[in-house]
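Undergrad: Mind having a look at this structure? Questions to follow.
Any read-out appearing in this document is the output of simple, stated calculations on the displayed coordinates, not a laboratory observation. All of these numbers come straight from a predicted model, not from anything done at the bench. Neighbour counts are summed over all protein chains in view; Cβ atoms, including those assigned to glycine, are modelled from backbone coordinates with ideal geometry.
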Amino acid sequence: SAIPYSVITNRKKYADFAKTMFAQGHAALSSQDPETEEILLTRRWSGMLEKSEHDYLGFVVTQNSSPHAARHLEKKISYFIVPDSSGAGFTSRATIIFSAKGENGSSAPAFAGYVQLVIPAGNRLLDAARNSRPMVLHDHGIVDSARKEWYGFPLVLMPGEAATFSFRFSLPRPLLEEMAKGTYELFVQKQMGEQELDFSADLFFGEKTLR
């Protein structure tokens, strides 16, 4: 017997909704089959780190506190590039501001979690700071499959509290070679589940003209 039209249209509606969720990074699929996983990566449905050969920036925040606390956490990210003092290379600075909604002493939940900064492999960390005070990043790892590396640190914020973290890097040779050819591309990966990303960039390449 024929499938009722209402069932067909509902299936299409749900399929379109699922595609939107995957495309916007609110959901992810994975597969143990290499060919299928490659398709998911190509469509950006896997939720994995982007295999980009260009400049890359991502912040991943996990929480150890109440699930409601994440709803009260806001973040704002900025990224800067300037020529270094030698004139032959470039340095970048990634800054993220975390703000916990609510007032100090209110019933809003505190946020306790862990943050990972993800960047291209080969970047050399020059300095890191929290609220302009130097900080040491003990947690560090490399994701060979995506050609990325990460630095991690804990984050605890009370309601109404804010913290600014900044990280300065020396760009790796592959990026410098790309820029020497007159091209530059930055991929900023939104964390899965985020509706939008508050992000700004200020890129100054000196006398170089890049596209």
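Undergrad: Using the per-residue mean of other Cβ atoms lying within 10 Å as a proxy for protection, in what order, highest first, do the peptides 175-186, 89-100, 133-144 fall?
TA: So the order, starting with the most tightly packed, is 89-100, 175-186, 133-144.
Undergrad: Peptides 124-130, 164-170: what's the order by average Cβ count within 10 Å, highest mean first?
TA: Ranking the peptides 124-130, 164-170 by packing returns 164-170, 124-130.
Undergrad: Which distance in nm do the two modelled labels at Ala88 and Glu196 give, with both placed 7 Å along the Cα-to-Cβ direction?
TA: Result for the modelled spin labels: 4.4 nm.
Undergrad: Something else now. Once the piece of chain linking Lys181 and Lys76 is laid out straight, how much longer is it, given 0.36 nm per residue of separation minus the C-alpha distance between them?
TA: Extra length available between Lys181 and Lys76 comes to 34.6 nm.
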